[in-house]
Amino acid sequence: MDFYQIITPIITVAYLLIVFVLRSIIVWRQSGVNPFVFSSTEKAHDYLGFIYKMAVLFMAVTIVCYSYLPAVYYFLNPITILSWNSIQMVGVALLLISFLWTLIAQVQMSDSWRIGIDYDEKTKLVDKGVFTISRNPVFLGVVVFYIGIFLILPNTLSFTLAVVMLIIVQVQVRLEEEYLLETHGKAYQIYKNSVRRWI
């Protein structure tokens, strides 16, 4: 196994466990509210949650094939023209930057951290720290992570996942903007006017 076959699954597992699982458990214990609010209804919001889950699953599939099943990885149509060490190094750098950036954003959200939109709770409007740079730093970090995965193991599936993630995140943030405007009114409108959606 080469360096990238070793480091990619390690960073990915650490990212998912620390940034999403551990942070969610911490918020749940501190606030008594389950931060995972996607459910299995037919609503558009919950369908986005289903797509997120599928994206994580297929990301795991492409990484497992790349690192441990090279014969199967061949069937994912690797884009060999992008398989350069320098490009892969950029990919690893993006994973690490995304990891740190997303974790910082989640810590700064504190008890307001949610996976999905919690229509039954009024969480505090977070507008400090990295939220002065981006209105959606967590989503930005997620998109950067998928781009990093694509650069490390460029293939048809990883490219598709990066595109799909970019599209569904665009939809999700717009749903959240509607919710935040209804919940926080003028305070959110002022914030929205002063900070860019992404960066």
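Could we say that PHE38 is touching a His at 6+ places or on another chain (Cβ under 9 Å) and either outside any helix (DSSP H, G or I) or in contact (Cβ under 8 Å) with a residue 40 or more places away in the chain (or both) here?
It is true that PHE38 is touching a His at 6+ places or on another chain (Cβ under 9 Å) and either outside any helix (DSSP H, G or I) or in contact (Cβ under 8 Å) with a residue 40 or more places away in the chain (or both).
So which of ARG23, ARG29 is open to solvent by 50 Å² or more (accessible area, probe 1.4 Å), part of a helix (DSSP H, G or I), closer than 27 Å to THR183 by Cβ and not β-branched (Val, Ile, Thr)?
Within the list ARG23, ARG29, the selection yields ARG29.
I need the full set of residues from region 78-116 which are crowded, with 17+ Cβ neighbours inside 10 Å, of a type in the set (A, V, I, L, M) and farther than 13 Å from ILE149 by Cβ, in order please.
Listed by number, the residues that qualify are LEU103, ALA105, MET109, ILE115.
Only one of (1) in a helix (DSSP H, G or I); (2) open to solvent by 60 Å² or more (accessible area, probe 1.4 Å); (3) in contact (Cβ under 8 Å) with a residue 40 or more places away in the chain; (4) closer than 28 Å to ARG29 by Cβ is not met by TYR119, so which one is it?
All conditions pass for TYR119, except number (1).
Condition test on VAL164, is it under 15 Å from the mean Cα position of the chain (by Cα) and within 23 Å of THR80 (Cα to Cα)?
yes
From the residues in region 133-183 that are in contact with a strand residue (DSSP E or B) (Cβ under 9 Å, 6 or more places away or on another chain) and open to solvent by less than 20 Å² (accessible area, probe 1.4 Å), which one is nearest to LEU17 (Cα to Cα)?
LEU153
Could you tell me whether SER110 is among the small types (Gly, Ala, Ser) and closer than 21 Å to LYS192 by Cα?
yes
Just the residues that are touching a residue at least 24 places away in the same chain (Cβ under 8 Å) and hydroxyl-bearing (Ser, Thr, Tyr), please, taken from region 85-116.
SER98, THR102, SER110
How many of the residues in region 1-29 are in contact with a Leu (Cβ under 8 Å, 6 or more places away or on another chain), within 25 Å of TRP113 (Cα to Cα) and at pLDDT 90 or above?
4
The values are calculated or read from the model by the stated rules, or taken from the named source; none is laboratory data. This one's a predicted model, so the numbers in the text were calculated from it and none came from an experiment. Quick reminder, even Gly has a Cβ in these numbers, built from the backbone with ideal geometry, and neighbours come from all protein chains shown. Ligands, DNA and RNA are excluded from the accessible area calculation, which covers all protein heavy atoms including side chains. Shrake-Rupley method; radii C 1.70, N 1.55, O 1.52, S 1.80 Å.
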